[in-house]
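Everything below concerns the one structure shown next.
Every number in this text was worked out from the coordinates using simple rules, so none of it is lab data. Treat the numbers as computed from the prediction; the structure is a model and nothing was measured. Neighbour counts are summed over all protein chains in view; Cβ atoms, including those assigned to glycine, are modelled from backbone coordinates with ideal geometry.
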Amino acid sequence: MRHHFHPDPVAYTGQQLANHWIYRQFGILGDAVVAFTGPCHVDLDSMVDLEDVLNEDHIYSEHMLHFIVELFGASLKEGVLVQRLFTAILADRLQPLLANKAGLTLHRSGDDLFVNESKKLSVSICTVSPTSILIHTGLNIESDGTPVETAGLRSDLSIGSTTSLDDVTTFATVAMRTLCQEWLDIRSATCKVRAVS
């Protein structure tokens, strides 16, 4: 698995959750994870979470850190496991950053991250395309204007100053690198054992 942080803003609309989008945009073929920042606005007709569609919940954030993962040769269940693994990786990366912030706690529930139990920090979905598994995970950078109570990396957790996203870039790159190493370790673990009868 390869990783890439794209420095230019990209507005996430749900259309990026398509097979080979990473290859077409960044020239990375095969298993990959990419990150970028930008707004998020997913209309109901672009949503793949049928529960959100039935509840008519739209997804909106003025500024997010987005991750797109594409995996080939994996089942949807394996994709959901990777999605939750990545959410746990993000939580592990965030916990030390909250250590010195009095009154702030981080909680993971499935593929969602919350600050102080109720403020939603992330959105995430895993789906299947004709050729691959696709995952989108977004973390709010700012929490203004969202349709539900949210927390933001910058606005609430002070990750990334008002003039620079260097901290967000570093955070994203380390998280992606960790996922790639976990993926490599998982692949290695499947190769090093002998069969039993």
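Could you give the dipole magnitude of the range 107-197 about its Cα centre, charging the beta-carbon of Lys and Arg +1 and that of Asp and Glu -1, in debye to the nearest 20? Don't skip to the answer; put the middle values down first.
Numbers: 8 positive and 11 negative charges, 120 e Å.
With Lys and Arg at +1 and Asp and Glu at -1, about 580 debye.
At a 10 Å Cβ-Cβ cut-off, how would you order 180, 126, 40, 191, fewest neighbours first?
Values: 180 16, 126 25, 40 21, 191 6.
Placing the least packed residue first, the sequence is 191, 180, 40, 126.
In debye to the nearest 20, how big a dipole does the chain give about its Cα centre with +1 on each Lys and Arg Cβ and -1 on each Asp and Glu Cβ? Show your work: numbers first, answer last.
Details: 14 positive and 24 negative charges, 209 e Å.
Value, rounded to 20: 1000 debye.
Which ³J(HN,Hα) values, rounded to whole Hz and listed in residue order, are derived for the range 139-156 from phi using the Karplus coefficients 6.51, -1.76 and 1.60 in 6.51 cos²θ - 1.76 cosθ + 1.60 with θ = phi - 60°, glycine and proline given as x?
10, 4, 8, 10, 10, 6, x, 7, x, 10, 5, 10, 10, x, 4, 8, 5, 10
Among 89, 22, rank each residue by its count of other Cβ atoms within 10 Å, from fewest to most, as a rough exposure measure.
On the way: 89 18, 22 24.
Final ranking by Cβ density, sparse to dense: 89, 22.
Nearest 10 degrees, 0 to 90: what angle lies between the long axis of helix 166-191 and the longest principal axis of the chain (Cα atoms)?
Approximately 20 degrees, to the nearest ten.
Using the Cα centre of the chain as origin and beta-carbon charges of +1 (Lys, Arg) and -1 (Asp, Glu), tell me which of 183, 89, 155 is placed farthest towards the positive end of the dipole.
183
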